Structures are given as structure tokens and as C-alpha cells.
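Read-outs throughout are calculated quantities, based only on the coordinates presented, and are distinct from any laboratory measurement. Note that the structure is predicted; figures quoted are calculated from it, not measured. Don't worry about glycine lacking a Cβ; one is built from the backbone with ideal geometry, like all the others, and counts go over all protein chains shown.
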Amino acid sequence: MRRPIRGRRRIGATAVAGVLVFVVTAALIGRLESGATPGALTAGANQVASQEPSLSSAAASADAGGTASPSPTATPQPTPPATSADAPGTAAASTRLYPAHIALDAWPPVEPKPLSALTGYVWPIAHPRLTLPFGPTPWGSRVVDRKLFHDGVDLATFCNDRIVATHDGVVLAAGRQFDNFLGWVGDLSAYYHRLDVHHLWPDLPIVVVIDDGNTYRSVYAHFWKVVVKPGQRVHAGQLIGYEGMTGHATGCHLHYSIFSPYQTATFGIQAKVAKDMRLPRLEIARVDPLLILPYRRGISGSVKNLGGS
Ligand SMILES: [Zn+2]
């Protein structure tokens with residue numbers, strides 16, 4: 001009599017423990033994958049953005065809208081296959097658990113530095129005009145607090161003007177394979193598949209993404225031509241390419257933006273654009289480059305209302 005009873009008890013206890021482990025594990029995984037922000041990662045992060053998805057086009061990939069004009073001088077990068085080994089969303093990436101809102105290629109997570117600690121920046125173009133500031137605008141391609149939002153600054157001079165690195169760093173992307181490094185929150189495989197199937201790679205802008213070595217990345221878009229390659233170390237002020245209008249742009253200019261892959265706040269992407277382009281609905285929030293670039297009378301003053309002429 002006793003044996004079966006003990007046996008049943010033992011089995012029962014084991015089963016209960018097993019269920020508990022499963023439930024706890026499932027809850028943890030669900031929390032990490034569901035978009036909930038782990039508390040430890042939230043602490044200290046600037047919640048600068050809305051969680052609301054909405055508008056946009058491919059990050060740097062599209063800022064003004066319209067059809068693409070493939071670059072005449074193109075990128076040194078070959079057209080990538082959608083299944084490239086380093087593409088997030090592939091089997092390699094999906095086997096790891098990432099907290100939501102941390103870039104897939106930024107691991108382990110650390111705290112983004114405060115903006116006041118970001119030094120050593122120079123302007124990417126020597127004497128630019130600010131043609132579109134960071135912030136709410138009818139021409140924005142993101143959504144923050146329910147408003148269309150421009151997630152960088154547009155700086156313009158003339159086609160083929162020199163564009164230099166704003167900070168010392170290491171080139172992460174140079175060409176049309178850049179989306180892996182833009183801080184998309186979600187899987188890009190459907191987006192890449194669409195580019196492959198419809199032969200849309202040439203429509204993308206030519207972009208450079210640089211790890212500035214300070215927990216932030218700089219994104220430069222719409223080059224005619226780039227002169228750096230992934231993995232290359234660059235210094236502030238070093239030539240990285242020439243101003244153009246590749247991708248969705250109405251004229252030659254540089255779209256410049258800065259973000260930390262460790263940031264947990266996000267910007268929304270316009271629902272229709274995300275749907276049409278098969279893009280994730282969120283990107284990691286950007287910061288206003290004018291808060292980081294050296295003060296420049298005229299440009300900085302006009303945006304910050306500091307009284308500059
Ligand atoms: Zn722009």
C-alpha cells in the first residue's frame with residue numbers, strides 16, 4: 001500500500017515542480033519576447049518616444065518619399081541575399097533571447113551614455129544648410145506622440161560635396177546593406193524577401209552606419225558614393241563619401257541621425273509604410289543630432305530658438 005502511495009506522491013511532486021518550472025520559464029520568455037521592457041534595462045533610459053507604431057519608410061532608407069534613383073556610382077557592396085548569415089531574423093539570431101527594444105547586434109546591453117557625455121563630434125558637411133530639422137514635421141517618416149516625425153537632420157549643400165565622419169568609430173555598414181544596423185525592433189526577413197523578389201535593392205539609399213564607440217551610432221544616408229568599408233576604423237573629420245540623393249530623396253542632401261542600440265525607447269513607423277515595405281513597426285528612438293554636434297550659429301540657433309540669426 002505504501003509504495004504506490006509514495007510513488008504517486010513522488011510523481012505528483014515531480015509533476016508540480018515541472019509545471020512550475022515550465023510556467024516560470026514560459027512567463028520569462030514571453031516577457032522578453034513580447035515587447036515588455038525588462039526593468040533592469042529600463043532604468044535610466046530616456047523615454048523620449050512614443051510606443052505607438054505608425055509611419056515611415058526604410059529608416060535612413062527613405063526620407064523624402066518618392067521613387068528611387070539608383071546611384072550611378074553605386075556602392076562597393078554586392079547586392080545581398082536576404083538570407084545573409086548576419087541578417088537578424090535568421091536562425092542564428094532567433095536562437096537567442098533578446099530583450100525587446102535592444103538592437104539584435106548590440107549585446108550584452110549597457111546603458112546609453114547621457115548626451116552631455118558625448119564629445120569629439122564634428123559636422124559631417126563643412127558648410128551645410130539645415131533643410132529639415134529633427135522633430136515633428138509633415139514630412140516626417142516616423143511617428144512620435146501621434147505626430148509625424150523626422151528622425152534626423154537633413155543637411156544640404158551640393159551634389160558630390162564631401163561628407164566626413166562626425167566622430168571616431170568603426171564602420172558597421174557602407175552601401176545598401178545597412179538595415180541590420182539601424183535598430184529596427186523586429187524581424188527583417190519579410191522586408192529582405194520583398195526586396196529580393198521585386199528586385200528593389202537598387203532603390204535603397206546608399207548609407208553608412210558607424211559605431212561611434214561611445215554607445216551610439218551615427219547614420220548617414222543618400223550618398224552618391226561611399227569610400228569606406230565595413231570594419232574600417234575612421235576618425236572624426238575623415239572623408240566617408242559624397243553627397244547624393246540615392247533612395248527616396250528629392251535632391252542631394254545628407255540625412256544624418258544618431259541613436260544608441262542600447263536605448264529602450266522607440267519611434268513608431270507609419271502603419272501603411274510598415275505594411276507595404278514589410279518593415280517592423282518600431283525602430284529604436286533617435287536623438288536630435290543638434291544636441292550633440294558642436295553649436296553652430298544659424299543652424300543650431302534656428303532649431304533651439306537660442307536667438308541665433
Ligand atoms: Zn531626413
(message) Could you order the peptides 246-257, 196-207 from most to least packed, using the average number of other C-beta atoms within 10 Å per residue?
(response) 246-257, 196-207
(request) Please report Asp276, Asp211 as a ranked list, fewest other C-beta atoms within 10 angstrom at the top and most at the bottom. (result) Asp276, Asp211
(request) Starting from the amide H of Ala285, placed 1.01 Å from N in the peptide plane, find each other amide H under 5 Å away whose residue is 5 or more places distant or on another chain. (result) Ala265, Thr266, Phe267
(request) Pull up all non-local amide H partners of Gly213: gap of 5 or more, or a different chain, and H-to-H distance under 5 Å with H placed in the peptide plane. (result) Val170
(request) Give me Leu188, Leu130 ranked fewest to most by other Cβ atoms within 10 Å of their Cβ, as a rough exposure proxy. (result) Leu130, Leu188
(request) For segment 167-227 and segment 276-298, write down the distance between their C-alpha centroids in whole Å. (result) 14 Å
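Counting other beta carbons within 10 Å of each Cβ, put Leu279, Leu118 in order, fewest first.
Details: Leu279 24, Leu118 20.
Ranked by crowding around the Cβ, least crowded first: Leu118, Leu279.
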(request) Mind checking the full-extension length gain between His235 and Arg278? Use 0.36 nm per residue of separation minus the Cα-Cα distance, one decimal, nm. (result) 11.9 nm
